[in-house]
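Participant: Take a look at the following structure, please.
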Amino acid sequence: MRIRTIRRFSQLVIPLFLGMAIAVRAGEPDQGVRAKFENLIDRIERIQTTPGGVPELNRRLNSEIDRAEQELQTLDEDLESVKQRFNRIAQSNRRPETDHWAYIPPVSPAIPPTKFEERVRNPIDSFVFKRLEEEGLEPSPEASKETLIRRVHLDLTGLPPSLSELNAFLEDESPEAYENLVDRLLESPHYGERRAQFWLDLARCADSCGYHVDANRPMWPYREWVIDAYNRDLPFNQFTIEQIAGDLLPHPSEDQIIATGFNRNTMFNEEGGIDPEEFRVKAVVDRVGTTGTIWMGTTMACAQCHDHKYDPISQKEFFELYAFYNTSSELGGGTFASRAPMIRLFKEDQEGRSSDLAQQIEKLQKTLDTHTPELSAEQNAWERTMKRGIAWEPIEIDSGESEGGA
């Protein structure tokens, strides 16, 4: 009777949960689970049919079966009903990736008509008013100019308008007053600061290492590059290329190399005793995940371990992108000196001075590396002096006296 109960569990419940596992993992069902379970049943049958059996094993097994039977008896539905319910749930969740809204190519829909046409200022308004109409709602009154300028300032610069800016907008009665306001704010350097804020958060930019004592790590040049990119309206394709691989462009400029600071925003561990290779790998994985999240709009972390049946990214593709980032020569931890690769940046008035110093250093180094007769003679004399300095000289004892007077 008990063996039949276990076999019933094997025939109905195990397939049920195997099917649920298939719903989230790609490939064929894991037949190993079923094989091991059947092997366990066969072993139990052999033990129970052996004269004398194994009393302790039977006692524990029977105890577990009793507990399982009690739990099964509390169900209001039999196993077949449970199986049907889970099947319905599984079918409702098994949607092809092409049906998921995130992977459907966007199309331009027709602009719907609305009874609030007199309030429409742009195509988006038509969709908003149409939805309000469907819900039986009336549009809110138009915002006052004081409210409008505050909203636009906070949206585009993150700063409220000054009193003079407010008065200028209120006094502008032209139909283009709002457009002029927006154009002016888009030309403001604060616009780039505001827009860069969101990108820098996604790019995990920080002026510290993140691990251990969170030591200082200056990343402000990358931050300034992002701000400037927004303010000069850098095309998005160039914005992408320069951050991911600006140093691989033909004759990259200093700005293009700074842009690759995106890849250096990973954390760096300076704690003693760590394995640098471990944290280097963590950094590469972080770059893969961040690149996927930002540019592809999909997380990739799950694909690091195994495939998922309806995920658009496979484990193979994850490590193909990993291989791209795994070509950099760097350490994942250590000291400040091992944070390379890094670049030195100079202010405009320091560029000329730096170049002059570099030329002087090169000239002096050549002088040091050039062997002259005078230098060779002095070096030979110095080497002979050093040899005399390490010659063994015996020490002679003149006299000695112990503390006891001997």
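Participant: Do we find a residue being among the hydroxyl-bearing types (Ser, Thr, Tyr), more than 30 Å from HIS212 (Cβ to Cβ) and either modelled with pLDDT of 85 or more or surrounded by 10 or more Cβ atoms within 10 Å (Cβ to Cβ) (or both) anywhere in the stretch 350-359?
Facilitator: Yes: one or more hits.
Participant: Just to be sure I understand, how many residues within the stretch 153-181 are assigned to a loop (DSSP other than H, G, I, E, B), within 43 Å of the chain's Cα centre (by Cα) and among the polar types (S, T, N, Q)?
Facilitator: Qualifying residue count for the region: 2.
Participant: Across the stretch 244-267, what is the number of residues that are surrounded by 19 or more Cβ atoms within 10 Å (Cβ to Cβ) and within 24 Å of SER188 (Cβ to Cβ)?
Facilitator: Summing the residues that are surrounded by 19 or more Cβ atoms within 10 Å (Cβ to Cβ) and within 24 Å of SER188 (Cβ to Cβ) in the stretch 244-267 gives 2.
Participant: Now for a separate question. Could you check LYS130 against (1) free of Cβ contacts under 8 Å to residues at least 12 places away in the same chain; (2) farther than 29 Å from THR240 by Cβ and say which number it fails?
Facilitator: Against the list (1) free of Cβ contacts under 8 Å to residues at least 12 places away in the same chain; (2) farther than 29 Å from THR240 by Cβ, LYS130 comes up short only on (1).
Participant: A further question follows. Can you confirm whether ARG223 is in a loop (DSSP other than H, G, I, E, B), basic (Lys, Arg) and closer than 25 Å to ASN269 by Cβ?
Facilitator: Against the criterion (in a loop (DSSP other than H, G, I, E, B), basic (Lys, Arg) and closer than 25 Å to ASN269 by Cβ), ARG223 does not qualify.
Participant: If you go through the stretch 201-214 one residue at a time, do you hit one that is in a helix (DSSP H, G or I), within 17 Å of the chain's Cα centre (by Cα) and either touching a residue at least 40 places away in the same chain (Cβ under 8 Å) or on the phi > 0 side of the Ramachandran plot (or both)?
Facilitator: Scanning the stretch 201-214, I find at least one residue that is in a helix (DSSP H, G or I), within 17 Å of the chain's Cα centre (by Cα) and either touching a residue at least 40 places away in the same chain (Cβ under 8 Å) or on the phi > 0 side of the Ramachandran plot (or both), so the answer is yes.
Participant: When the stretch 214-270 is examined, which residues are found to be of a type in the set (Gly, Ala, Ser) and more than 19 Å from THR291 (Cα to Cα)?
Facilitator: Those that are of a type in the set (Gly, Ala, Ser) and more than 19 Å from THR291 (Cα to Cα): ALA215, SER253.
Participant: Then there is this: So which of TYR178, TYR230, TYR191 is in contact with a Lys or Arg (Cβ under 8 Å, 6 or more places away or on another chain) and either within 28 Å of PHE324 (Cα to Cα) or surrounded by 12 or more Cβ atoms within 10 Å (Cβ to Cβ) (or both)?
Facilitator: TYR230
The values are calculated or read from the model by the stated rules, or taken from the named source; none is laboratory data. In this text the structure is predicted, and so the values were computed from the model without any measurement. Every residue, glycine among them, receives a Cβ derived from its backbone with ideal geometry; neighbour counts consider all protein chains shown.
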